[in-house]
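The block underneath contains the structure these notes are about, expressed in structure tokens.
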Amino acid sequence: MELFSLKNQVALVTGGNRGLGKEIALGLAKAGADIAIVQRSEIESEVVREINKLGRRCITIRYDLTDSSNVEYVINQVINELGKLDILINNAGVQHREPSETFPEDQWDFVMNVNAKTVFYLCQAAGKHMLKQGKGKIINLASLLSFQGGYTVPAYAASKGAIAQLIKALSNEWASRGINVNGIAPGYMQTDMNVNLINDETRNRQILERIPAGRWGKPEDLVGAAIFLSSPASNYVNGEIITVDGGWMGR
Ligand SMILES: NC(=O)c1ccc[n+]([C@@H]2O[C@H](COP(=O)([O-])OP(=O)(O)OC[C@H]3O[C@@H](n4cnc5c(N)ncnc54)[C@H](O)[C@@H]3O)[C@@H](O)[C@H]2O)c1
């Protein structure tokens, strides 16, 4: 299974301390990678211990991704502590739900900064290193709202639409120089981000009725796609978004 091996690879996972990012970080470590996690929280996540138990290195870097101006610091930390950077997973993301007619500017900026602007500058900082290295994998977390408009989440939809275009834009520039830029669009997943939807009986029923697989996604459902896009198995996959949604988009 060398095709899917991440042995001797170093991966940076933003927001890898919980939710989808945590499961992706663990999955990449199981496939052989050492892991750096970017998180806001001062509390060390159990994911560090779990990854260490697998015999892999795991460091955490405290950084608030609302600030895109100093992301070189994050990339330098990874290289200083783990020697290099092969895989960047831009997973961290935020949501704000409010009708468009009252949607506040500060929330628009917050969502766009974390979900789109900082993602671009992290790609840029990691990309500079990967271009010198002659190889790298960048995977950005997109969403069903990269393709659909959603409802009362205008900033989130705009930010994830931007991610879909960014994946193609970066891929066009970097594919011939050894960097694969791709994305994963999760469907409706059971994480903290969706607690309100899960607890809303009507919305929960409506969502489940449309998912052909008949259930919400679990964080571990994304691991296969994350390993594929991080590994040599995807070396000729460029500018693509893999939808992992239990069939939602086909409905
Ligand atoms: N859960 C879903 O159904 C779903 C669906 C589609 C896409 N996504 C995307 O997947 C990604 C992960 O989502 P999740 O459901 O695990 O969300 P989550 O809220 O459970 O976790 C988000 C992670 O991002 C981190 N984060 C947020 N803002 C940050 C900041 N300013 N600085 C540093 N870290 C920050 C959080 O600490 C957390 O670790 C997001 O990009 C999200 O948009 C999620």
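Of the residues Lys160, Lys168, only one is within 12 Å of the ligand (Cβ to nearest atom), within 26 Å of Leu85 (Cβ to Cβ) and touching a strand residue (DSSP E or B) at 6+ places or on another chain (Cβ under 9 Å); which? Write out each step before concluding.
Working: Lys168 fails: within 12 Å of the ligand (Cβ to nearest atom).
From the options Lys160, Lys168, the qualifying one is Lys160.
Going residue by residue through segment 194-202, is there one that turns out to be surrounded by fewer than 15 Cβ atoms within 10 Å (Cβ to Cβ), assigned to a helix (DSSP H, G or I), in contact (Cβ under 8 Å) with a residue 24 or more places away in the chain and out of contact with any helix residue (DSSP H, G or I) (no Cβ under 8 Å at 6 or more places or on another chain)?
Checking segment 194-202: at least one residue is surrounded by fewer than 15 Cβ atoms within 10 Å (Cβ to Cβ), assigned to a helix (DSSP H, G or I), in contact (Cβ under 8 Å) with a residue 24 or more places away in the chain and out of contact with any helix residue (DSSP H, G or I) (no Cβ under 8 Å at 6 or more places or on another chain).
Within segment 95-134, take every residue that is assigned to a loop (DSSP other than H, G, I, E, B) and in contact (Cβ under 8 Å) with a residue 60 or more places away in the chain and give me the one that is most open to solvent (accessible area, probe 1.4 Å). Spell out the reasoning first.
To start, the set of residues in segment 95-134 that are assigned to a loop (DSSP other than H, G, I, E, B) comprises 95-99, 103-104, 134.
Adding the requirement that they be in contact (Cβ under 8 Å) with a residue 60 or more places away in the chain leaves 95-97.
On the way: Gln95: 57, His96: 40, Arg97: 112 Å².
For segment 95-134, the residue satisfying everything is Arg97.
With the checklist (1) of a type outside the set (Ser, Thr, Tyr); (2) over 20 Å from the mean Cα position of the chain (by Cα); (3) open to solvent by 10 Å² or more (accessible area, probe 1.4 Å) in hand, flag the one item Gly187 doesn't pass.
Looking at each condition in turn, Gly187 falls short on (2).
Does Gly83 meet the test of being of a type outside the set (Ser, Thr, Tyr), farther than 24 Å from Lys132 by Cβ and either open to solvent by less than 70 Å² (accessible area, probe 1.4 Å) or touching a helix residue (DSSP H, G or I) at 6+ places or on another chain (Cβ under 8 Å) (or both)? Let's see the steps before the verdict.
Working: of a type outside the set (Ser, Thr, Tyr): yes; farther than 24 Å from Lys132 by Cβ: no; either open to solvent by less than 70 Å² (accessible area, probe 1.4 Å) or touching a helix residue (DSSP H, G or I) at 6+ places or on another chain (Cβ under 8 Å) (or both): yes.
In short, no.
The values are calculated or read from the model by the stated rules, or taken from the named source; none is laboratory data. Here the structure is a predicted model, which means the values were calculated and not measured. Note that each Cβ is placed from the backbone with ideal geometry, even for glycine, and that neighbours are counted across all protein chains shown. Please note that ligands, DNA and RNA were not included when accessible areas were found on the heavy atoms of the full protein model with its side chains. Shrake-Rupley method; radii C 1.70, N 1.55, O 1.52, S 1.80 Å.
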